[in-house]
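S.K.: Dropping the structure in here first, questions after.
What follows is calculated from the coordinates using simple rules that are stated; it is not laboratory data. This one's a predicted model, so the numbers in the text were calculated from it and none came from an experiment. Neighbour counts run over all protein chains shown; Cβ positions are idealised from the backbone, glycine included.
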Amino acid sequence: MRELSYRHALREGLDEELTRDENVVIMGEEVAQYNGAYKVTEGLWEKWGCKRIVDTPISEAGFMGMGIGASMLGIRPVMELMFWSFHSVAFDQLVNNAANVRYMSGGLINCPIVVRGPANGGTGVGATHSHTPEGLFAAFPGLKVCSPATPADAKGLIKSAIRDNDPVYFMESTLLYGNVGPVPDPEDGDFVIPLGLADCKREGSDITLVAHGASVLQALEAAEKLAEEHNISAEVIDLRSIRPLDEEAILNSVRKTHRIVVVDESKPFCGVSAMITAIVQEKAFDDLDAPVLRVNTIDAPAIYSPGIEKEQLPNARRIVEKVLTIA
Amino acid sequence: MRELSYRHALREGLDEELTRDENVVIMGEEVAQYNGAYKVTEGLWEKWGCKRIVDTPISEAGFMGMGIGASMLGIRPVMELMFWSFHSVAFDQLVNNAANVRYMSGGLINCPIVVRGPANGGTGVGATHSHTPEGLFAAFPGLKVCSPATPADAKGLIKSAIRDNDPVYFMESTLLYGNVGPVPDPEDGDFVIPLGLADCKREGSDITLVAHGASVLQALEAAEKLAEEHNISAEVIDLRSIRPLDEEAILNSVRKTHRIVVVDESKPFCGVSAMITAIVQEKAFDDLDAPVLRVNTIDAPAIYSPGIEKEQLPNARRIVEKVLTIA
Amino acid sequence: MAAKKTTKKKSTKSTATKDYASAEVNKQLSAEDKVELYRKLVRIRRFEQFSLKEYNGGKMGGFLHLYIGQEAVAVGAVSLMGDNDHVITAYRDHGHALAVGMGMNECMAELYGKITGCSKGKGGSMHYFAPDKNYWGGHGIVGGQTPLGTGLAYGLKYKGLKGCALTFLGDGAVNQGAFHESLNIAALFELPVVFIIENNGYSMGTSQVRSSAHPEEGLAARAEAYDMDWDVCMGENLYEVRAHVWEAMKRAHEKSKPTILEIKTYRYYGHSVADANAKKYRTKEEIEKYQRDHDPLKVWQAVLEGEGVLTSEQAAEIDSAAKEEAKAAVEFAEESPYPEISDISTDIYWELDNDTEASKQGTILFD
Amino acid sequence: MAAKKTTKKKSTKSTATKDYASAEVNKQLSAEDKVELYRKLVRIRRFEQFSLKEYNGGKMGGFLHLYIGQEAVAVGAVSLMGDNDHVITAYRDHGHALAVGMGMNECMAELYGKITGCSKGKGGSMHYFAPDKNYWGGHGIVGGQTPLGTGLAYGLKYKGLKGCALTFLGDGAVNQGAFHESLNIAALFELPVVFIIENNGYSMGTSQVRSSAHPEEGLAARAEAYDMDWDVCMGENLYEVRAHVWEAMKRAHEKSKPTILEIKTYRYYGHSVADANAKKYRTKEEIEKYQRDHDPLKVWQAVLEGEGVLTSEQAAEIDSAAKEEAKAAVEFAEESPYPEISDISTDIYWELDNDTEASKQGTILFD
Ligand SMILES: Cc1ncc(C[n+]2csc(CCOP(=O)(O)OP(=O)(O)O)c2C)c(N)n1
Ligand SMILES: Cc1ncc(C[n+]2csc(CCOP(=O)(O)OP(=O)(O)O)c2C)c(N)n1
Ligand SMILES: [Mg+2]
Ligand SMILES: [Mg+2]
């Protein structure tokens, strides 16, 4: 199969949806003339012009709300947050207007908006720019959240997200943009991946590692180490989508391995990993031979220092160490 | 002991701290001349005047940031959010500036600010006004969060919060403001309750109920029912403070009862209850005779209807039902 | 740089004595139309009075923000709407709802939190919606609706429709950041949005002067900061409201340009019914003066009687009919059932409600 | 209402030809002071050039937002600060840091993320702080520092100190809601804050005209919306910068009133070093014109040589000294250790770091 970068795969997905539906419009800071801060939208403005690819002022609350309002009229805005971290200045629009308008109107209104951009630490940009808000937003019923780890998943999910009639918050990673992987050829048909479907990225029998986004790669690396150095066979489940969540995929794996470590770049308090833990210990209580353990970002604001930033994040070493305490 | 309402106890705590430290200043919408939307600050403007009790425009990001900036210079602002729900328009100031400035400055700056106001559902004000963001904020290292359930706790904790040199987010409940309970007389000495100390509100031996804020009262009501109708002895641990969190109090109780239900008005996804669950199943795995269960607000935006709103929230009936599945 | 005056963008060169009745948009009104406008004013007033009574009887939850005193603003503005014009407002939304043609039954039932309410009892007083009537709510977070209104205008322009988005907000809401961001975007992108500041003098207990710094011409003049057109008028006379709103709508329709229009008005009741201080931050005399001399219903009735298109008997009939309608709405609401517990879990996701393929994978609602 | 012009609040009746050298605040400068200002400009320039080289050598993480081209703004403004004057800015913060007197060592080490950095390697390029020098950072969220600056001013006024808060922001930042909220509050509460818009013409790749609608006089004139004083000046000549900033500071000191001051300037490099497009959204010629004709170092050197207080030999010496200092700072940074893993967990809570009673109960950091 042909290989594309994660960035390119996303762009191809966006481009296909721009072609498919004239109501799809891409908006955000520097997405058009500048080609996107991280070049995800490169070339799209040149191809599609000012109507479909729109640069906005640095007014996240304003333009995000504008996108939501436009979506209520049937436009399908795909909003780029240059960093998902900038959600903090648009929070009200994101968690009240987008998440609640359907409910508060008794189902009269829907809000087919996609908000996308990178959400990750590890690039030396410090505490204000390294938030990983998957769990934060998934906590709001009315919202959907996904976070692909590979180029193919990025493309398949962004296309689903754009077609979805509910707000989908799509969290990418600057650390993944350059990664290359196989992506089905458009010639072979429309390639979409449904939200809510996890993917087993590696089969194993001794322990389950659950992860999403960039952490999937850490989990896979840890799995290799566990196999080579400790003779432990780890299964890696990539959630891909946080809400909807493929509980069955996780539980089925745990029923097989009886042990699970959740890898999650969020902070330990109330993150996605806490939620997965709560679910697993409730629904697979008797299958567990050890407590559900978690590997998170070390509980502190994101440190800048390139010398140890990677140590704060979940990494293969820390995952292996954690696994060894129960396997 | 004399009895005060929760509202009055809070006010007494504020008044005592205004007296103790001339840098304490109370700010927010309608806190001064109007006496506070929920009358917590009633009479304080008359007593202390415009310098100490300050009405602000409806600009939560602006005035919250202003309070944070002033706190860096040694002022000790106690900011009222008329509803904690309005955090959504001040989110950046709350989770970046207040939470990170100490860290990002390598410890050079601290931010002794208190943000307080009601955070609860159950009063017919709908989805945008019924957020319960304890877990949301406790997820950010750098912040402290507490949520008192009784008049005495309200007074003792607000005084500690104001004296604390870190940002403390103090979540009250409109449903508790009118509740009356014993509060120590100021004559008998300065009454403070440290953050991070849970309180056993009812002893029991068969099951542990953990709760905070208004949910404590639901848990206590459920405990009575369990005793009367099912002969089950429930212990009720009131967390009072979410971060710092009194893990030991929870774990000690579980080690005794071997069963636990966490009651939490947050939504099920990634709330405080998920975090407590993750901790308990990890640290008391072998003590648990059943999975940690949770009673949360039913997973939907807050419904307005006064006819069923209370059913969406954790209530004694739902707690009892949940307990009966494992006890 | 030399100190230079900006060319002011204020649009209407009108004075207080202007004869609004002969404004083009008012001359087009038939006698019937005028009476119909009167009926709208009265229906809002009566609907709210009935709802107040029931609220005080403990039939409703939370807030009830009455629009009484401000009726001419919503009725006047909405009366100008064509097929492609849309409206959105804050939580003081009953007036706009009835003005766009929502029924008293669904509105009253919503206050009761009944399943027959316009939002199935899920939204309450602050969250009325009728997208089929181009009415996009009803929003509880101060200022939070202003980017949405900007987005409606964006959508209209995107689709090439000649319409506008009437985006209402209060005088206290002008100090929310989201509003300012909206203003810049609306001006920059040339969006057909009309921001209507209903300046009733107070945000809760705070008089306008205590909440906003602004040019001496008033809040609307803040538009200058964005090189945007603006205008100010009084909100008690429908002719005046219509004349000024229409100017702004024309600018939106014809030039796709935004306007801030400040309309001065007054609310008779407290901020919400639960506002115990309603009479502390302003004098009884002030309230009475407005009720006596500036009441939009009285003003319009006098205008129409003066024009000979309405008799006081007809007015009384309209009033009784409105009362009857409101009373029937109360009965309807009383008799309607509450939502079921299972209703808590619907209307969250479109895909789930419509049981589509997209809703088939994974868990989306959690225990 | 008749269309009436507002009385413009623009403060300085100056023209482009004004003789800034003879402004009171500049006449007070000794020859030594003037040379010292030159040294500051040069040190910033050299510090950043060295940091750029090391950045390109892969020694640092993330962003590096260079201030080169804008030096006279920070140096001029900061040179006016007394004991009770404070300063806060955005992420393009190296210039302000060196201007307040932070050392090159701690600043360079911070870029390297070393424990010897001013923020112990925890903040990085965007987050320099020196509260002992009244410097409150270095803030990464666009516009997010403006309420903090307002709060510093609030604190000063509360304490009865005659000082002000110089609050810097970029031309793109003016469209953040938090800034507008700050403006209203500052005007309403009469706070001694000077908002300095460093208008370098671009926010990343977006020219000012593509991001902001504003009155023809420019961004500062948005102050009119809040009945606030405002002013505009060029940022290449220290005399001009100082004269205009001082007017605003006096207003803060003497009347406790805020100002928006827009200072026109230019950045030579990309938005951040990683801005590959730095030369796409503007022409090479534009950049060269600024470097040739408007460079703040060249301008100041010419002024001082003209006044006979600096020779080109002295200038060269200052330059080599600055280079030496920067080189030594690089060595210092290179040799300094990174934080330990355990350092990740300090500086989060004051109470914890100080091991107080208040930190004794409960778990505050989690696994
Ligand atoms: C962001 C936010 N802050 C505060 C509130 C509480 N609140 C509701 S209405 C209101 C006053 C608004 O006044 P104004 O905009 O003048 O509108 P009016 O009530 O006069 O119609 C306040 C403070 C809110 N709903 N949202
Ligand atoms: C809220 C927010 N949105 C977006 C960004 C990304 N960003 C950082 S700097 C910048 C441009 C700011 O331009 P300007 O205010 O003119 O300052 P300059 O870089 O020219 O100094 C942008 C969009 C951010 N840091 N914060
Ligand atoms: Mg008002
Ligand atoms: Mg700029």
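S.K.: What relative contact order, as a whole-number percentage, does segment D:83-153 give when Cα pairs under 8 Å and 6 or more residues apart are counted?
M.R.: 37
S.K.: Suppose we consider the axis relating copy D to copy C; can you name the residue of D with the nearest Cβ and state that distance in angstrom as an integer?
M.R.: Nearest Cβ to that rotation axis, in whole Å: D:G177, 1.
S.K.: For segment D:4-146, list log₁₀ I(q)/I(0) at each q in 0.14, 0.22 Å⁻¹, using the Debye formula over Cα point scatterers of equal strength and ignoring solvent, two decimals each.
M.R.: Log10 I(q)/I(0), no solvent term: -0.72, -1.37.
S.K.: Still on this model: Calculate the FRET efficiency for C:K53 and B:C50 from the Cβ-Cβ distance with a Förster distance of 51 Å, rounded to the nearest 0.05.
M.R.: Rounded to the nearest 0.05, the efficiency is 0.85.
S.K.: Under the rule a/c < 1.5 gives rounded, and otherwise a/b versus b/c splits prolate from oblate, where does segment B:136-175 land using the Cα gyration tensor?
M.R.: Verdict is oblate for segment B:136-175.
S.K.: Enumerate the calculated ³J(HN,Hα) couplings along segment D:179-194 in order (Karplus 6.51 cos²θ - 1.76 cosθ + 1.60, θ = phi - 60°), each rounded to whole Hz, writing x wherever the residue is Gly or Pro.
M.R.: Per residue, the Karplus-derived 3J(HN,Hα) values read 5, 5, 4, 4, 4, 4, 5, 4, 5, 5, 8, 6, 9, x, 10, 10 Hz.
S.K.: If you take each beta carbon of peptide C:351-360 and count the beta carbons of other chains within 10 angstrom, what is the mean?
M.R.: Across C:351-360, the average partner-chain Cβ count within 10 Å equals 5.
S.K.: Further question: Between segment A:1-70 and segment D:157-173, what is the C-alpha centre distance in whole Å?
M.R.: With segment A:1-70 and segment D:157-173 each reduced to a Cα centre, they are spaced 37 Å.
S.K.: At R0 = 30 Å, how high is the FRET efficiency between A:E248 and B:K310 if r is their beta carbon distance? Nearest 0.05 is fine.
M.R.: 0.35
S.K.: Related question: In a GNM of chain D with a 10 Å cut-off on Cα contacts, which of D:N56, D:N184, D:N199 has the highest mean-square fluctuation?
M.R.: Judging by the Gaussian network model, the answer is D:N56.
S.K.: Shape call for segment A:2-188 from the C-alpha gyration tensor, a ≥ b ≥ c root eigenvalues: rounded (a/c under 1.5), prolate (a/b greater than b/c) or oblate?
M.R.: Rounded is the answer for segment A:2-188, as its axis ratio a/c remains below 1.5.
S.K.: Near D:K114, which aspartates and glutamates are there with a Cα under 17 Å away, not counting those fewer than 8 places off in the same chain?
M.R.: The qualifying aspartates and glutamates are A:E309, A:E311, D:E54, D:E106, D:E331, D:E334, D:E335, D:E340, D:D343, D:D347.
S.K.: Check B:V25: other-chain or 5+ apart residues with amide H under 5 Å from its amide H, H built from backbone geometry?
M.R.: B:R76, B:V78
S.K.: Enumerate the amide H contacts of B:A284 below 5 Å, restricted to partners 5 or more residues apart or on another chain; note that Pro and chain-start residues carry no placed amide H.
M.R.: Those lying under 5 Å, H to H, from B:A284: there are none.
S.K.: OK, next. What does DSSP give for chain A in terms of the percent of beta bridges that are antiparallel, rounded to the nearest 5?
M.R.: Rounded to the nearest five, the antiparallel share is 20 percent.
S.K.: Additional query: Contour minus end-to-end for C:T363 and C:E32, with contour as 0.36 nm per residue of separation and end-to-end as the Cα-Cα distance?
M.R.: That pair, C:T363 and C:E32, stretches by 113.6 nm at full extension.
S.K.: Another question, then. Could you state the principal axis extents of the C-alpha atoms in segment C:246-367, from the largest down, to the nearest angstrom?
M.R.: 66, 48, 38
S.K.: Quick check: pseudo-label points 7 Å beyond the Cα along Cα→Cβ at C:E307 and B:S205, how many nm apart are they?
M.R.: 8.4
S.K.: While we're looking at this one, here's another question. Could you pull the copy-to-copy label distances for C:E285, with points set 7 Å along Cα to Cβ, in nm to one decimal and sorted shortest first?
M.R.: Result for C:E285, in nm, nearest copy first: 7.0.
S.K.: Given the DSSP H assignment, sum -39500 (n - 2.57) over each helix run of at least 4 residues in chain B and divide by its residue total; what's the result at 222 nm in deg cm²/dmol, nearest 500?
M.R.: Calculated from helices alone, the mean residue ellipticity at 222 nm is -10500 deg cm²/dmol.
S.K.: Would you list C:L80, B:L195 from fewest to most Cβ contacts within 10 Å?
M.R.: Fewest to most other Cβ atoms nearby, the residues stand as C:L80, B:L195.
S.K.: In whole angstrom, note down how far apart the Cα centers of segment C:322-356 and segment A:227-257 are.
M.R.: If we compute the Cα centre of each part, the gap is 42 Å.
S.K.: Related question: Below 8 Å, C-alpha to C-alpha, sequence gap of six or more: please give me the relative contact order for segment A:2-188 in percent.
M.R.: The normalised contact order for segment A:2-188 reaches 27 percent.
S.K.: List the extent of the Cα atoms of the protein assembly as shown along each of their three principal axes, largest first, rounded to whole Å.
M.R.: Principal axes ranked by extent give 98, 82, 80 Å for the Cα atoms.
S.K.: Per residue of chain C, what 222 nm ellipticity follows from adding -39500 (n - 2.57) for every DSSP H run with n ≥ 4, rounded to the nearest 500?
M.R.: -13000 deg cm²/dmol
S.K.: Next question. Over chain B, what relative contact order in percent results from Cα pairs under 8 Å that are six or more residues apart?
M.R.: 16 percent.
S.K.: Under the convention of a label 7 Å out along Cα→Cβ, give the distances in nm from A:E228 to the same position in every other copy, shortest first.
M.R.: Taking the point 7 Å beyond Cα along Cα→Cβ, the inter-copy spacings are 6.6 nm.
S.K.: Classify chain A: rounded, prolate or oblate, from the alpha-carbon gyration tensor (a ≥ b ≥ c, eigenvalue square roots; a/c under 1.5 rounded; otherwise prolate if a/b is larger than b/c)?
M.R.: Prolate, since a/c reaches 1.5 and a/b exceeds b/c.
S.K.: Search the structure for amide H atoms under 5 Å from the amide H of B:V295, placed 1.01 Å from N in the peptide plane, and list their residues when 5 or more places away or on another chain.
M.R.: Under 5 Å from the amide H of B:V295: B:V262, B:V263, B:D264.
S.K.: Output wanted: per-residue J couplings in Hz (rounded whole) for segment D:297-307, from phi through Karplus 6.51 cos²θ - 1.76 cosθ + 1.60, θ = phi - 60°, x for Gly and Pro.
M.R.: Per-residue couplings from phi come out as 6, 4, 4, 5, 4, 4, 4, 5, 5, x, 7 Hz.
S.K.: Further question: Based on the alpha-carbon set only, what is the convex hull volume of segment D:328-367 divided per residue, in Å³?
M.R.: Residue-normalised Cα hull volume stands at 87 Å³.
S.K.: To one decimal place, what orientation-averaged projected area in nm² is obtained for the convex hull of the Cα set of segment A:215-327?
M.R.: 7.1
S.K.: At D:T356, with labels set 7 Å past Cα in the Cβ direction, how many nm apart are the copies from this one, shortest first?
M.R.: 5.4
S.K.: If you don't mind, another one. Work out Dmax and Rg for chain D from the C-alpha atoms and quote the Rg first, both in angstrom.
M.R.: Over chain D's Cα set, Rg and Dmax evaluate to 20.9, 70 Å.
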